[in-house]
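To start, the structure itself, in structure tokens.
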Amino acid sequence: MKAQKVRKCPIVLLPLAILVAMPAMAQTRDYYVAAEDGIWDFAPSGKNLVHCPNTAPCDIPEPWTDSHSFPVTRFIQYEADFKTPVPQPEWLGILGPIIRAEVGDTVNVHFCNRAEGAYGMHPHGFRYTKDNEGAHFFGANSGSAPGAGAEVMPGQCFDYTWIADKNSGPASGELSSKVWWYHSHIDEPAETNKGLLGPIIITRKGISIYTTFRKFWHDAA
Ligand SMILES: [Cu+2]
């Protein structure tokens, strides 16, 4: 009997081959983020889902039983028009948008302060100049004054440029991505407790092509 040869489907494999063969192109990614005051319900279900003596859910203890909404200030992502909010998954909770980059990318964060206090955006993991540090921080060794983006006054905007270099991504042997934080950094403890913080995910060079393809595959299934 003649052995049957398994034939590869060129239609399916060709795009995959192109994707795999494509060099990882460094990208410039733009994010539009505003700081805004608001009210946040910390227990929207009306139940305590976290710290229960036995099994969750349980009742919310006093003095918070009927008082679990408080003033917050948060990072809200918009489209480039700064009018249309970008929806984010509910599981992100109070956090600001996920800022994603691949090693080699440049991220421009267009930040507008629509809140009442002075705030900024300071990233961990990225490389930046002093003006793009976004932290009210005197140079540790140089004593240099805080940069231009350290403190953005109410009603003002600032464009931060952050670079994802090799050390921003995972080291060899680590998983595909590294998670960092960004947050306001004038009075850091007070501002992060108000809600002014969010995640940064930096993937290894070339990985985002795989992620894109996997998403396509997943969506098509
Ligand atoms: Cu920090």
Practice task
Give me the percent of DSSP beta bridges within the stretch 84-220 that run antiparallel, rounded to the nearest 5.
Solution key: 80 percent
Problem - Counted charge near Gly173, where neighbours are those whose Cβ lies closer than 15 Å (Asp, Glu -1; Lys, Arg +1) - result: +2
Exercise for the section: Quick one: what are the phi-derived ³J(HN,Hα) couplings along the stretch 98-113, Karplus 6.51/-1.76/1.60 with θ = phi - 60°, whole Hz, x for glycine and proline? Expected result: 6, 9, 10, 7, 10, 3, x, 7, 10, 10, 9, 9, 8, 10, 10, 9
Practice task
Enumerate by residue number the GluC sites (Glu not before Pro) in the stretch 90-188 meeting two conditions: DSSP loop (anything except H, G, I, E, B), and at most 16 other Cβ atoms within 10 Å of the site's Cβ.
Solution key: Glu116, Glu174
Exercise for the section: Enumerate the amide H contacts of Gln27 below 5 Å, restricted to partners 5 or more residues apart or on another chain; note that Pro and chain-start residues carry no placed amide H. Expected result: Asp105, Thr106
Handout entry: Counting all C-alpha pairs of the stretch 84-220, share separated by more than 21 Å (%)
Key = 47 percent
Handout entry: Around Tyr160: net Lys/Arg minus Asp/Glu count, Cβ-Cβ under 9 Å
Key = -3
Practice task
Search the structure for amide H atoms under 5 Å from the amide H of Tyr119, placed 1.01 Å from N in the peptide plane, and list their residues when 5 or more places away or on another chain.
Solution key: Val152
Handout entry: Charge context of Tyr78, other residues only, Cβ under 12 angstrom, K/R +1, D/E -1
Key = -2
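Since every read-out is calculated from the coordinates, none of them should be taken as a lab result. Quantities reported herein were computed from a predicted structural model and do not represent experimental measurements. Every residue, glycine as well, gets a Cβ built from its backbone with ideal geometry; the counts of neighbours run over all protein chains shown.
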